[in-house]
Each structure stands twice: as structure tokens, then as C-alpha cells.
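In what follows, a structure is listed as C-alpha cells, so that the remarks can point back to it.
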Amino acid sequence: MENKRAIAIAVSLVIVFIISIIITRISLGLSKPFYLVAGANSAAIFAVIAIFLLRDRYDNRRRLLEAQMVSASHELRIEYSFLRKVAGVPTKFQYREIEVATDGFHCMVGKGSSGSVFKGILSNGTPVAVKRIESQERGEKEFRSEVAAIASVQHMNLVRLLGYCCVPTGPRFLVYDFVPNGSLDKWIFPHKEHIGGCLEWGLRVGVAIDVAKALSYLHHDCRSRILHLDVKPHNILLDENFRGSVSDFGLSKLMGKDESRVVTSIHGTKGYLAPEWLLEQGASEKCDVYSYGIVLLEIVGGTRSVRVIDKENSNDESQRRVQYFPKIVSERLREGRVMEVVDSRVVDKGGVDEREVRRLVCIGLWCIQENPKMRPSMAQVVDMLEGLLEVEEPPKAQMVMVDLLEIDELEENPSHYRRRNAVLQAIQENCNDHSSMSCSFTLSVLSGR
């Protein structure tokens, strides 16, 4: 547009000068003043033409340099993008890209305490899951925790973070690989609505191993240990082959190799929290081990670890009680009736090996020992699941956690806090009583890991 305007001005000036020469010729004839005016106008015409030609040459050269710079910039962006992908560094997306990819946040596939998850497709055809973190204070902390925790980790059983997007004074977005079969809870727990299905036994064992390997990688193979601190079936996703991947690092913490625990506020999901965390003794990788043990038992039984049962369908709260599945599992194991705790839907399909059930149950019960020193590491758990370590029957635990859960679920009177403190003290004493005990999988049976 600017070039056309310059051409129009130049042509107009030349025409004006030519008309001026013609008018002067007519009015003055071939007199001396005519030659002076004609010479001046001719000089002006040549000046205009010269300026135009020089400007055109300059513009051509400028356009050539701009084209070279654009080409070099494009190549640099391609190389930078390639290096980011090779290094696994997340990409920063623009809000408009996120909005287009999710079709205006139309297809919601999940919702949590701090945000929602939407299905989308990037411009290159890659299916993604976009997590929108909406809350303010916790949202900022969760966003930073999640990016810091998994921006540089690469493992086949961790959901990959593709990128992120920050909107000033607005929500934040995390863009993940889309995992098609959703979360594990839809495949192991019965639902009134037909959501997911029933995962067969072999796939359940495979998912248990996948999750154990992911947590082992976070605890032992990263430059800084990563504590997930929110391990539960809802945060375990299944791909098209029903391989398990750990997701949602919003509550995670980074811990140095020389640190034994980190101080953090109590958060997470009831039923999956380790006792020492409730005692405000700080969090360690053993908190993840405890949560994994609960999840492992839920995978075996197809039932949630904590359920409130109404006696004889009564609405009277005094008739309600808390059913703690790990306690039932422990009792059935010692009675020699371990097959009774297996999900009946899986048993009906067949293919369940009682020895394998016993091994998984024992591993789960070792993981939820109330004394964290008695729990195995996740590296040991992987070895036990794969048969590289012998698994002995764990010692009988007092399961005082069920009393604490029952107080939190059912009691709302003033004595609630007194009884809760008494139970917490019992948990503390129980941990101290076992502090000198040795575990059957301690140093004498540790693998090279």
C-alpha cells in the first residue's frame, strides 16, 4: 500500500512539472524566462525519477533482507522446537491456540477440586487433554508444582506434559497427551451408570506394576526425588492398551537426595493419607508407598478402601459404620480365605491365580504398615511384584486408622476432637512400638536397586 502511494505521488509530480512546462511555453514562447522555467522543471522531473528509482532499489534490498531474516527465523524456530521436543521441554501455548484446540472448552472429560479437564486436538492433529486450573492461591501453587515436577521427567508410565498457557489475571492451562480410556477408578469400581467397565485380572496386575514403576522412577531415578502425594485410582490413567500412567502432580513436592522428609501442609484424599502425615511429621516417599498400598488393595478387591455402611438401610446416623477394606483384607489373609476379597466380577471371568492374589495382598499390606520404616521402597515393591523378591506375610497391624476415619465420617459432636486426638496418639505410639522391629524385606533381602 505504501509503495503504491509513493508511485502515485511521483507520477503526479512529473505530470505537474510537464504541464507547467507546456503552460510556460504557451505563455512565454521561446524566451529566456521560458528556458529558465523549463530547465528548473526538467531538473525537478529528473530528481523525482532518481529519488523514485533509488527508493525502489532500497525497498527491494530491504524486502530481500527481510525475507532472509524470516527464513532464518523460521529455521531457528524449527530447530528450537525440535530441540525442545528432544529435551522434553513443554511448549508455551497462546490462549487462542488452547481455545481453538478445545473447541471453546466444549468437551469436558473430568473435574477436580481446583479445575477441569477438556479434550482437544492441536493444529497438528495431536489429541490432548487440557487441564484448566481455576482457583487462585491453590491454582498458582498447583500450577507451579505440576510444571516443576514433570517438565523434565520422561517415563512411559507418566502422563507427558506437552505444554502450558498462562493468562494474565485468568486461569492457567496444562496440556497433556490424551489418554483414551480414562481413569482407573472407572474400570475397577462398580458404577450405577455404565462408565468404563470391569478390568480383567491380568490387566489389573499390569496396571499395578506400571504404577509401581512410575513411582519408583520418581523416587529413585530423578535428579531430585519427586513426591506425588496424591496417588489414587482417579489419578491413574489407562491408555488404549490399558497400560497405567500416573497423572496429576498438582500436590507434588521436590525433595533433595539428602533429605529424609519435607514439611508440607496436609492435603490429599481421605483414605489414602499416610498416618505420619496426619501426625504432621512431614512427608516422605513412604507417604506415596502407603497410598500405593491402598490403591493396590482396591485394584484387587474392586472396592473403595473406605465406605460408610447403613445398617439395615437405616437413616439413623447412630446405625452407620465405616467399613475399612484393608482391615477386612488383613483378616481374610490370616484366616486363609484371601480369595474372598477379590472382585467377584473378576473371579466370575476366571483366570485368577490364588498365589498371585496372596502376593499382591501381602505387598499391599506391607505398604500400609503404620510405621513408615516397615514399608518397602517403591523399587522393592517393583521387585516383589515381578517376583524378584520373596514376599512374606506382613505382621498384623492394629489398623487404628479405621477409628480416625470413623470419627471424621460420622461424629460431629464436641467430643469429636478429644477422641480424634486420642486416636492420633495411639497411631503415634503404634509407630514408636514398631520402630525397632525389623522387616522381612530389609537389608538382607534387598536387591541391587
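Miscellaneous remarks
- Ile7 versus Glu354: modelled label distance in nm, points set 7 Å from Cα along the beta carbon direction: 9.3
- The slack in the chain from Ile309 to Arg144, taken as 0.36 nm per residue of separation less the alpha-carbon distance, amounts to 55.5 nm.
- Taking other C-beta atoms within 10 Å as the exposure proxy, Glu340, Glu285, Glu99 rank Glu340, Glu99, Glu285 from fewest upward.
- In terms of other Cβ atoms within 10 Å, Tyr292, Tyr324 run from fewest to most in the order Tyr324, Tyr292.
- In the structure shown, the pairs Lys92/Lys186; Lys327/Lys349; Lys119/Lys232; Lys131/Lys349; Lys119/Lys373 are assessed against 30 Å; a Cα-Cα span above that value is assigned to Lys92/Lys186; Lys131/Lys349; Lys119/Lys373.
- Between Arg337 and Ala72, the modelled label-to-label distance comes to 8.0 nm, taking each label 7 Å out from Cα in the direction of the beta carbon.
- Amide H contacts of Val308 (H built 1.01 Å from N, in plane; Pro and chain starts excluded): Gln323 sit under 5 Å, all sequence-distant by 5 or more or on other chains.
- Once the chain from Tyr95 to Arg223 is taken as fully extended at 0.36 nm per residue, the excess over their C-alpha distance is 42.9 nm.
- Site pair Thr169 and Ala151 shows an inter-label distance of 2.6 nm when each label is modelled 7 Å from Cα along Cα→Cβ.
Read-outs throughout are calculated quantities, based only on the coordinates presented, and are distinct from any laboratory measurement. Note that the coordinates shown come from a computational prediction; the quantities given were computed from them, not determined experimentally. FYI the Cβ positions are ideal-geometry reconstructions off the backbone, even for glycines, and counts take in every protein chain you see.
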